[in-house]
Each structure stands twice: as structure tokens, then as C-alpha cells.
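Trainee: So that we are looking at the same thing, I have put the structure below in C-alpha cells.
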Amino acid sequence: MDLDTNQNSQCKEKNIDVGEQPVRVENTAILECLEVVMSEYKIERDKKQSFETRAGIIMALLGATCGIFF
């Protein structure tokens, strides 16, 4: 017995419908997953931008300090 037939028989034993109906996007969690990925990407992008801004300010202050003293 191959794997596909075995899975179908197991599903039928558990009263799970294994029909050949197409999967609708509205019935899946794809949109929610996409929203999570997009929000995580935005958070990471904001962290990077914040770090670059702080690093730029610190480098400018260090440069000004070195210019004054040396």
C-alpha cells in the first residue's frame, strides 16, 4: 500500500473529508502569515534605521569633539 492510499484510509477512519475540492485562500491562514511577516519586517527595518541614526549622531559628536581638541 503506498503512502497516499495509507493517508486517505487513515483520514477516512477519522471521518476527515479528503475530497478533491480546491483550497480557497479565504479559508487559509496565508493572509495572516503574510501580515505577520510584513509587520516583523517593518519592526526590524525600524530597528536598523534607529541604530543608524544613533550611530550617525555619535560619530558626528565624536568628530566634532576631535576637531575641537586636536
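The values are calculated or read from the model by the stated rules, or taken from the named source; none is laboratory data. The model shown is predicted, which means the values in this text are computed figures rather than measured ones. Remember, those area values only see protein heavy atoms, side chains included, never the ligands or the DNA or RNA. Shrake-Rupley method; radii C 1.70, N 1.55, O 1.52, S 1.80 Å.
Trainee: Report Glu44's accessible area, 1.4 Å probe, all protein chains in place, as a number in Å² to the nearest 10.
Mentor: Accessible area of Glu44: about 100 Å².
Trainee: Right, here's the next one. What is the extension gain from Glu35 to Ile58, computed as 0.36 nm multiplied by their sequence separation minus the C-alpha to C-alpha distance, in nm to one decimal? Let's see the in-between values first.
Mentor: Values: separation 23, 0.36 × 23 = 8.28 nm, distance 3.46 nm.
Gain in length upon complete extension: 4.8 nm.
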